[in-house]
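Worksheet: the structure to be examined is printed underneath.
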Amino acid sequence: MRLFCLLFLISGNVIAQQLTKQEAIRLTLENNFGILIATNSIEVAKNNKGILNSGYLPRLSTSAGANYQSANSTTSFGGALNPNTGEPRADIEIEDAETQLYNAGIDLDYTLFDGLGRFYNYKRLKEEYNLTELQARETIENTILQLFTVYYEVARLSENEGILEETLRISRERVSRSNYQFEYGQNTKLNVLNAEVDVANDSINLLNTRQQLVNTKRDLNVILDNELERNFEVDTIIQFIPKLKLDEYLEKSTENNVTLLQNESNIRISDYDIKVSKSGYLPTIGLTGSYGWNENRNPPSAFFPGNVADTYTLAAGVSLTWNLFDGGSTITRVKNAKIALDNQEIIRSQVQKEVKRDIANALGNYENRLNVYKIQQQNVLTNQNNFERTKERFKLGQVTSIEFRQAQINLILAETNKNSAKYDAKIAELQLLQLTGQLLNEEF
């Protein structure tokens, strides 16, 4: 009786919000930590490929300064006579003589030509942005696949919960029937005890499934960045992609597979690295310009009055620098860049074969699991028919409780196996969609 009460409390009428597949995807794209980091990486790559990081803009700098000096001086004439009076000339004392110096200037430096290194480096930065987008797409695909793996596990456990609840209901009815039959002498106490044992086993299975369901919902809440204890119901309806549509995806898989696209991007980056390195063979032409202002405020001295001098300067120039030989650094960079490109092309051949193998395996797994699901569907119908007939014969006393329980167990296994096969087939389909590059283009 305590066990029945506990089950009643666990299965209380709690209204849970429906979490659709579309809503789950939206929350994942908005809140998932891995996707947020990948999105920030795209922003960094976007900043790097901008004109402000291209090297095409001039460098402009300014400077300014001020100096102040105060001095006291005494000028002695060593007994010299004043020509006007014939008397010895007096010493000249100057106190707090201030000298002020001010300057300001602006300098312009612009590279007109650098051997096309800047041009190809700018293209390289743009290609790195494309690569970062592909890497972010791969992160999103992996996260979406993880999302649905957990989402469908919640769905499977939810359906299994319903199966076990129905099983427990039937087992309870069997206990009541066995008690009535025992009271009227139509049954033995052993049959009553067997029925109660089966109720206990069914109750334990239901409790375990519900705990697994709660734990899996927490896993899903982590992916969605929801509150851990948030309760919800999921969509258990599964629709598979038509074969014709899937065949179209398979034909274009080499064009859309994210791993192959990343490899092609890496090849283009390596090619740009070669061209950037070769720019070291060519000269660099630069343009310089400056404008300056200087002001000197000089105090009066023993022989000259104070003065203020302002100077304005304007200068421009063109420079050419050609590193005819840099000790072999440029040659080494070019050789290493060519080796890196060769490695990327070797990796491309390897990745192409691996992706082709993975798609073939994924397609085989999907078709096999789909066939297993169809067989399990028929198996459920067979076991349902067998259970209903056994149930009627059990009521008439034509089969034993052991036979009835075996038919019940067979039906439970058939229904739970069908649920597992259904979601296994759907996960296999999603894995195939990811390999063909269509996971993010499909409606769920």
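Using Cα atoms only, what is the angle between the long axis of helix 329-395 and the major principal axis of the chain, expressed in degrees (0 to 90) to the nearest 10?
20
Can you return the lysines within cross-link range of Lys278? Criterion is Cα-Cα under 16 Å, with same-chain partners fewer than 8 residues away left out.
Hits, sequence-local ones excluded: Lys123, Lys335, Lys338.
Over the chain, what relative contact order in percent results from Cα pairs under 8 Å that are six or more residues apart?
Worked out over the chain, it gives 22 percent.
Helix 21-31: angle to the longest alpha-carbon principal axis of the chain, degrees 0 to 90, nearest 10?
30
What aspartates and glutamates sit close enough to Lys391 to cross-link, taking a C-alpha to C-alpha distance under 20 Å and skipping anything fewer than 8 places away on the same chain?
The reachable aspartates and glutamates, counting only those whose Cα sits under 20 Å from Lys391, are Glu165, Glu166, Glu173, Glu196, Asp198, Asp202, Glu403, Glu415.
List the lysines whose Cα lies under 20 Å from the Cα of Lys252, skipping any in the same chain that are fewer than 8 positions away.
Lys243, Lys353, Lys356
Rounded to two decimals, what ratio of Rg to Rh does the chain give with C-alpha atoms and a Kirkwood Rh?
Radius of gyration relative to Kirkwood radius: 1.38.
May I ask you to give the solvent-accessible area per residue for the chain, in square angstrom, as obtained with a 1.4 angstrom probe?
Spelled out: the 1.4 Å probe surface of the chain, per residue, equals 60 Å².
Accessible area of segment 342-395 with a 1.4 Å probe: how many percent of it is carbon plus sulfur?
Looking at segment 342-395 in its full context, I get 44 percent from C and S.
Please give the calculated 222 nm ellipticity per residue for the chain, where each DSSP H segment of at least 4 residues contributes -39500 (n - 2.57) and the sum is spread over every residue; nearest 500 deg cm²/dmol?
Theoretical 222 nm ellipticity from helices: -22500 deg cm²/dmol.
Nothing charged except the Cβ atoms of Lys and Arg (+1) and of Asp and Glu (-1): what's the magnitude of the dipole of the chain about its Cα centre? Round to the nearest 20 debye.
2200
The values are calculated or read from the model by the stated rules, or taken from the named source; none is laboratory data. Bear in mind the structure is a predicted one, so any value in this text is a computation, not a measurement. All Cβ positions, even for glycine, are placed from backbone atoms using ideal geometry, and neighbour counts span all protein chains on display. Side chains included, ligands, DNA and RNA excluded: accessible areas come from the protein's heavy atoms. Shrake-Rupley method; radii C 1.70, N 1.55, O 1.52, S 1.80 Å.
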